[in-house]
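The values are calculated or read from the model by the stated rules, or taken from the named source; none is laboratory data. Keep in mind it's a predicted model, so treat the numbers as computed, not measured. Methodologically, a virtual Cβ is constructed for each residue, glycine included, from the backbone with ideal geometry; neighbour enumeration extends over all protein chains shown. When the accessible area is computed, the model is the full protein with side chains, heavy atoms only, and any ligands, DNA or RNA have been set aside. Shrake-Rupley method; radii C 1.70, N 1.55, O 1.52, S 1.80 Å.
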Amino acid sequence: QVQLTESGGGLVQAGDSLRLSCAASGRASSTYTIGWFRQAPGKEREFVATITWSAGSTRFADSVKGRFTISKNNANNMVDLQMNSLKPEDTAVYYCAAEQYGAGSTVSRSYDYWGQGTQVTVSS
C-alpha cells in the first residue's frame with residue numbers, strides 16, 4: 001500500500017550533519033508509524049527514531065537522542081531525519097520503514113514496509 005524511498009546519505013566527517021529523507025508513495029494512512037533503523041556491518045539492525053503520522057509523536061534511541069530529529073510533512077508524504085554531530089559509530093545503512101497499525105514501535109519486525117536503504121559513512 002506504500003512504497004518508501006530513502007535519500008540523502010553520503011560520506012561526511014565526524015561533527016558534520018546530514019538530512020535523510022523518506023518519500024512515501026501510494027496511500028498514506030493516519031495509522032502509520034514511520035521509523036528509521038540502521039544496520040552496520042556485523043551488527044543487528046537497530047532502532048533510530050520514529051514518528052506517528054497522525055499525532056506526530058516521536059521517539060529516539062538513546063544513542064542519538066539530542067543529536068537527531070525527525071519530522072514529517074503531511075502535504076508531500078515526506079519524513080526527514082536530521083542528523084547532527086555525527087560520529088563514526090553512526091556509520092550504517094539507514095532504512096525507512098512503515099508500521100501500518102503501530103504506535104511507534106522500536107522493533108524492526110513490527111514494520112510492514114521498508115525502503116532500499118541509504119549508506120551513511122562518518123569518518124574520524
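Figures for the structure shown
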| read-out | value |
| --- | --- |
| Whole-percent carbon and sulfur share, accessible surface of the chain, 1.4 Å | 45 percent |
| Two-site label geometry, Lys87 and Thr31: point separation in nm, points 7 Å out along Cα→Cβ | 3.8 nm |
| Prolate/oblate/rounded call for the stretch 69-118, Cα gyration tensor, a/c under 1.5 rounded | oblate |
| The chain - accessible surface per residue (Å², probe 1.4 Å) | 50 Å² |
| Extension gain, Ala23 back to Asp112 (0.36 nm per residue minus Cα-Cα distance, nm) | 30.5 nm |
| Qualifying GluC sites (Glu not before Pro) in the stretch 21-124, DSSP loop, other Cβ atoms within 10 Å at most 12 | Glu44 |
| Positive minus negative residues near Trp53 (Lys, Arg vs Asp, Glu; Cβ under 11 Å) | 0 |
| Accessible-area value, Thr69, 1.4 Å probe, nucleic acids and ligands omitted, Å² | 80 Å² |
